[in-house]
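Presented below is the structure to which this report refers.
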């Protein structure tokens with residue numbers, strides 16, 4: 001009986017099994033939808049929802065400062081959202097994810113994004129210094145491609161049909177690069193940091209080579225239209241990988257396996273959206289860059305796309321008013337985000 005519970009440990013021992021069972025049911029709902037659960041599981045869901053809601057009220061009353069209150073609040077609100085949500089089709093869920101779930105996931109992992117961005121920018125600067133100090137060694141190590149047939153902007157001349165093929169090829173390559181940046185995070189963050197550093201080093205060295213050869217404007221016209229968005233997305237994929245690596249390094253009070261699963265889901269919320277936007281970057285590189293536009297216009301397109309994307313990440317999905325939680329009948333921003341993204345990440 002809950003009347004006999006005096007400590008948070010006793011409370012967890014008495015009620016933890018139901019919390020775990022409801023979490024497992026919510027994972028099933030995330031992939032199957034509530035209506036597709038068998039009748040016995042639906043009955044379990046209703047029973048557990050009522051029981052855990054009561055546990056939340058008890059926890060708030062007896063253990064208001066315990067992390068259990070936050071965990072139960074999230075669990076109850078997620079169940080509430082699933083229970084009362086209207087069925088949504090694929091495109092509606094995708095739209096909700098891109099409009100709210102993805103930018104919120106990026107903001108929740110802002111520390112990893114900042115670390116990944118810092119590593120990348122510092123590596124570009126290191127590439128500049130490396131080339132200035134030892135240009136021949138850089139040319140030998142990285143290789144400088146011989147200039148091919150280009151227009152006045154320094155971009156390859158292709159037909160519209162070739163541009164579509166180029167777009168698909170570039171998009172696939174960008175996705176592979178991002179998946180590698182994400183996967184290397186499993187190496188306790190070191191793999192992703194190394195991967196971002198190598199790519200930044202190469203960009204810095206190649207840019208310096210182009211400027212010293214008097215082709216700096218051509219280089220910027222070739223790289224900027226897609227590069228601002230593309231490199232941002234690669235850094236975000238790396239940040240998602242570092243999220244996983246950090247869970248292995250510092251799981252906190254959770255078991256390392258549990259921390260890894262949670263971080264994997266959170267990382268996927270960032271990765272999936274980044275992969276979708278990489279298709280846009282590939283389209284810019286395959287179709288816009290090859291149009292032979294003036295260099296200034298190419299550069300302006302790139303920075304405009306980048307600034308719009310950064311503004312989207314900073315502002316999209318933010319609530320107009322601060323809300324509390326399920327006790328007041330209004331969802332908290334964090335819990336709402338979890339519920340929205342569950343079908344895309346679990």
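Any read-out appearing in this document is the output of simple, stated calculations on the displayed coordinates, not a laboratory observation. What you are looking at is a predicted structure, and each value in this text was computed from that prediction instead of being measured. Note that each Cβ is placed from the backbone with ideal geometry, even for glycine, and that neighbours are counted across all protein chains shown.
Which order do the peptides 300-313, 202-215 come out in when sorted by mean C-beta neighbours inside 10 angstrom, highest first? Walk me through the intermediate numbers first.
Values: 300-313: 15.7, 202-215: 17.4.
Final packing ranking: 202-215, 300-313.
For residue 188 and residue 18, calculate 0.36 nm times their separation in residues minus their Cα-Cα distance, and state this gained length in nm to one decimal. It would help to have the intermediate numbers written out before the result.
On the way: separation 170, 0.36 × 170 = 61.20 nm, distance 3.31 nm.
Answer, rounded to one decimal: 57.9 nm.
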Query raised in the report: Taking the Cβ-Cβ separation of residue 92 and residue 47 as r and a Förster radius of 35 Å, what is the calculated FRET efficiency to the nearest 0.05?
Result: 0.75
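Taking 0.36 nm per residue of sequence separation and subtracting the Cα-Cα distance, how much length would be gained by fully extending the chain between residue 8 and residue 110, in nm to one decimal?
Details: separation 102, 0.36 × 102 = 36.72 nm, distance 3.19 nm.
Result: 33.5 nm gained on full extension.
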Query - Per-residue Cβ neighbour rank within 10 angstrom, fewest leading, 299, 8, 244 - result: 8, 299, 244
Report summary line: Most exposed to least, judged by fewest other Cβ atoms within 10 Å, 274, 110 sort to 110, 274
Report summary line: Rounded to the nearest Å, the spacing of the alpha-carbon centers of the stretch 193-231 and the stretch 244-276 is 31
